[in-house]
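Every read-out reported here was derived from the displayed coordinates using simple, explicitly stated rules and does not represent laboratory data. Please read these numbers as outputs of a predicted model, since none were measured by experiment. Here the Cβ is made from the backbone with ideal geometry for all residues, glycine too, and neighbour counts use every protein chain on show.
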Amino acid sequence: MVNYHLVLFIFFSYIIIFVSGFSRNLPIIPFDEGYSHLFGDNNLMILKDGKSVHITLDERTGAGFVSQDLYLHGYFSASIKLPADYTAGVVVAFYMSNGDMFEKNHDEIDFEFLGNIRGKDWRIQTNIYGNGSTNVGREERYGLWFDPSEDFHQYSILWTENLIVFYVDNVPIREIKRTEAMGGDFPSKPMSLIATIWDGSDWATNGGKYKVNYKYAPYIAEFSDFVLHGCAVDPIELSSKCDDIAPKTASVPTGISPDQRRKMENFRKRRMQYSYCYDMTRYKVPPIECVIDPKEAERLRAFDPVTFGGSRHHHGKRHPRSRSRLKDDVSFI
Ligand SMILES: *[C@@H]1O[C@H](CO)[C@@H](O)[C@H](O)[C@H]1NC(C)=O
């Protein structure tokens with residue numbers, strides 16, 4: 001009798017461990033199940049475990065991969081480790097696009113990682129386009145609270161009908177809500193997931209001041225932990241069966257919790273280095289969806305008086321703290 005209870009106890013313990021472990025984990029898939037080679041022949045290498053890939057930039061070529069399916073909405077994620085040391089001019093991108101299908105009115109949701117000179121950190125940029133709105137860039141740039149070339153970190157995109165959220169290690173860093181006024185500028189057509197590494201010498205680092213130096217090549221970006229939790233769409237008819245999207249696990253977010261919102265605000269306050277909404281050299285009038293926060297404007301103006309100076313809210317005051325304040329502030333979360 002005792003043994004019987006013991007067996008039952010062990011049995012149910014295993015079930016509980018299994019179920020709770022499962023619900024905490026993201027639905028990670030092997031590379032081959034979700035992605036295909038896009039370009040760069042041997043500069044894409046699938047590791048033996050089948051779950052990780054390396055994409056490499058050398059003097060010959062960059063490399064990239066693309067999802068086998070098109071998706072309308074979902075949660076998409078990868079763990080990425082960026083190349084270390086001198087990476088000026090190198091761009092690693094993890095993004096959604098349908099540019100190959102809709103040349104004139106494509107949609108895009110972008111994570112772009114911009115390399116840097118030695119001793120300076122990678123920066124990360126987010127952006128969206130909708131229905132070919134390439135005349136309105138909606139870029140934001142941030143510093144990170146870790147060195148993204150030291151270890152893998154998770155970068156994720158949540159895309160629903162009315163909301164886009166960018167995450168870094170499950171911390172939301174940017175939220176874009178669809179507004180009436182944005183019209184077609186909010187991405188709305190099925191897109192592929194794409195990851196690339198390429199030579200962005202013309203613009204990536206200080207507007208093209210620092211080029212890729214192939215003395216330090218190969219530049220290798222490592223990708224792992226692929227999540228393609230979305231609504232796959234028929235590429236010909238562009239129809240979808242979005243009701244039977246796979247069962248949601250607890251770990252796939254659907255929005256931003258109050259706790260996460262607090263973290264997002266913290267992140268943006270301390271880490272955001274550029275926002276199109278405040279770029280007065282570019283937009284005399286901020287794009288329609290921008291909600292201008294005077295404190296944010298002042299902080300960015302102190303950080304970069306040329307770009308964010310303008311004349312709209314400028315009272316002739318300069319703030320000498322500026323750059324050091326952003327850089328020294330490493331206590332986050
Ligand atoms: C997208 O752009 C096309 C023109 O390129 C226009 O006809 C269409 O109405 C736009 N769609 C939306 C949703 O704005």
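Key figures
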quantity: Separation of alpha-carbon centers, segment 46-101 and segment 174-190, rounded to whole Å; calculated: 24
quantity: Loop-resident sites, segment 146-222, for chymotrypsin sites (Phe, Trp or Tyr not before Pro), counting at most 15 other Cβ within 10 Å (DSSP); calculated: Phe146, Trp203
quantity: Qualifying GluC sites (Glu not before Pro) for segment 81-137 [loop in DSSP, other Cβ within 10 Å: at most 16]; calculated: Glu103
quantity: Net length gained if the chain between Ala84 and Asp121 were fully extended (0.36 nm per residue, minus Cα distance); calculated: 12.4 nm
quantity: Per-bin percent of Cα-Cα distances, segment 124-211 [5 Å]; calculated: 3, 10, 18, 22, 21, 15, 9, 2, 0
quantity: Phi-based couplings in Hz for segment 41-57 (Karplus 6.51, -1.76, 1.60; Gly and Pro marked x); calculated: 4, 6, 6, 10, 10, 8, 6, 4, 5, x, 10, 10, 9, 10, 10, 10, 10
quantity: Mean Cβ count within 10 Å, highest first, over the residues of peptides 89-97, 228-236; calculated: 89-97, 228-236
quantity: Filtered GluC sites (Glu not before Pro), segment 171-243: DSSP coil and at most 11 other beta carbons within 10 Å; calculated: Glu237
quantity: Out-of-range pairs (alpha-carbon distance over 26 Å; input Lys211/Lys284; Lys263/Lys284; Lys51/Lys81; Lys177/Lys269); calculated: Lys211/Lys284; Lys263/Lys284
